[in-house]
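Trainee: I am attaching a structure below and will ask some questions about it afterwards.
The values are calculated or read from the model by the stated rules, or taken from the named source; none is laboratory data. Because the structure is a prediction, the values reported are computed rather than measured. Virtual Cβ from ideal backbone geometry, glycine too; neighbours counted across all protein chains shown.
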Amino acid sequence: MKVSAYISKFLTLGVIFLPLAAQTLRVDFNANATTQSGWQSLSSGNSDLGDSWSKNFTGGVSLDVDAIGSVTLDNRDRSNNGGGGEALMWRDFLFASGSFSSRPGSGLRLAFTGLQPNTEYPIKIWGYDASSTGGRAADWSGGGSKVQRLTFTNRPATLTDNVITLNVVTNSAGAVTLKGIVSVTSPSSSHNVFINGLEIGAPIATDGPNDLVLSRLIVAKAATIGSAVGSFTTTDPTPGDTFTYSLREGEGSSDNGLFEITGNILRVDRDLSALVGGAILSVRVRTTDAAGAFSEEVFNIEVVN
């Protein structure tokens, strides 16, 4: 399912900060202190998320790399790896030490957080080691993508060499996990899962809902159950599209239980008389089009006397 991005919403009652769109992020996996210009580095010395090979990057995206199976994380520096203008990225790499084809299921796990929820991204992975020959191969997948096999060909000259692209979809928390698993067709005595660099591209545009508005952002504490608060309107690039609305759990949904939605109308569903005038209620709402694409927004609603 293709889904639309969250939008940071400026409302009259305050600013709701939802996860922002990640711009292109390039990560250079390092065995030394040399990082490709324009890329952000990741090495064994980074432990922002509690263990090695984990980092919070500029822009809000985080990555935690772990070994899968009876293998360990290791790195190497190869001055003869080639790479042309991106030689510093190609030069060093992370690999799953012990990821032999005789150990099926072993490899690398890449856990990303801080991306837009329910959003499709292209992720590129580069891998190469000049000292490893004879059919290195790893099968990469995750986030609903098709399995892509990364193999070593010739010494790289540009970023079009020794690369795969996975189109992944994040979950409702803006997270996605990729796995690179040793291919059983690779040499049984050789390490096979390598990563020199990766790139998270800009979110892939969809034709789903791209904005959601609530017509009224106040509710009287004396409002009776069933009273209308306001109506929802969805902006969508598809002419004549139809929408359904629902309250959703997640960040900003703390007061969902006080309301219900009928059609496109948000209504009071609980006695509000005990609330204090000026209190701010927070609801999280999803709009879904006829094709199943959706977007979610958080609204602040002020209680008035």
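Yes/no per residue for (1) within 15 Å of the chain's Cα centre (by Cα); (2) more than 26 Å from Thr158 (Cβ to Cβ); (3) crowded, with 18+ Cβ neighbours inside 10 Å:
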{"site": "Leu73", "(1), (2), (3)": "no, yes, no"}
{"site": "Arg76", "(1), (2), (3)": "no, no, yes"}
{"site": "Gly85", "(1), (2), (3)": "no, no, no"}
{"site": "Leu88", "(1), (2), (3)": "no, no, yes"}
{"site": "Phe95", "(1), (2), (3)": "no, no, yes"}
{"site": "Ser101", "(1), (2), (3)": "no, yes, yes"}
{"site": "Gly105", "(1), (2), (3)": "no, yes, no"}
{"site": "Leu115", "(1), (2), (3)": "yes, yes, yes"}
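Trainee: Taking strands (runs of 3 or more DSSP E) that fall entirely within region 173-281, which contain at least 1 residues that are farther than 30 Å from Val304 by Cβ?
Mentor: Numbers: elements: 176-182, 197-200, 211-214, 218-220, 228-235, 243-247, 259-262, 265-268.
It comes to 176-182, 197-200.
Trainee: Is it the case that some residue within region 184-195 is in the same structural domain as Glu86 (by TED's automatic domain parsing), buried (at least 20 other Cβ atoms within 10 Å of the Cβ) and within 18 Å of the chain's Cα centre (by Cα)?
Mentor: So in region 184-195, the residues in the same structural domain as Glu86 (by TED's automatic domain parsing) come out as 184-195.
Going one step further and asking which of them are buried (at least 20 other Cβ atoms within 10 Å of the Cβ), we end up with 186, 191-195.
Narrowing further to those that are within 18 Å of the chain's Cα centre (by Cα): none.
No, region 184-195 has no match at all.
Trainee: Also, I was wondering about something else. Tell me, yes or no, whether region 145-162 has at least one residue that is out of contact with any Lys or Arg (no Cβ under 7 Å at 6 or more places or on another chain), more than 13 Å from Leu115 (Cβ to Cβ), crowded, with 19+ Cβ neighbours inside 10 Å and among the hydroxyl-bearing types (Ser, Thr, Tyr).
Mentor: Yes, region 145-162 contains at least one residue that is out of contact with any Lys or Arg (no Cβ under 7 Å at 6 or more places or on another chain), more than 13 Å from Leu115 (Cβ to Cβ), crowded, with 19+ Cβ neighbours inside 10 Å and among the hydroxyl-bearing types (Ser, Thr, Tyr).
Trainee: Residues in region 102-120: is at least one closer than 22 Å to Arg149 by Cβ and β-branched (Val, Ile, Thr)? Quick ask: steps written out before the conclusion?
Mentor: Residues of region 102-120 closer than 22 Å to Arg149 by Cβ: 102-112, 120.
Within this subset, residues satisfying the condition of being β-branched (Val, Ile, Thr) are none.
Among the residues of region 102-120, not one is closer than 22 Å to Arg149 by Cβ and β-branched (Val, Ile, Thr), which makes the answer no.
Trainee: Could you check Gly45 against (1) under 25 Å from Ser141 (Cβ atoms); (2) without any contact (Cβ under 8 Å) to a residue 40 or more places away in the chain and say which number it fails?
Mentor: (1)
Trainee: A further question on this structure: Consider region 130-153. How many of its residues are over 16 Å from Gly107 (Cα atoms) and in contact with a strand residue (DSSP E or B) (Cβ under 6 Å, 6 or more places away or on another chain)?
Mentor: 3
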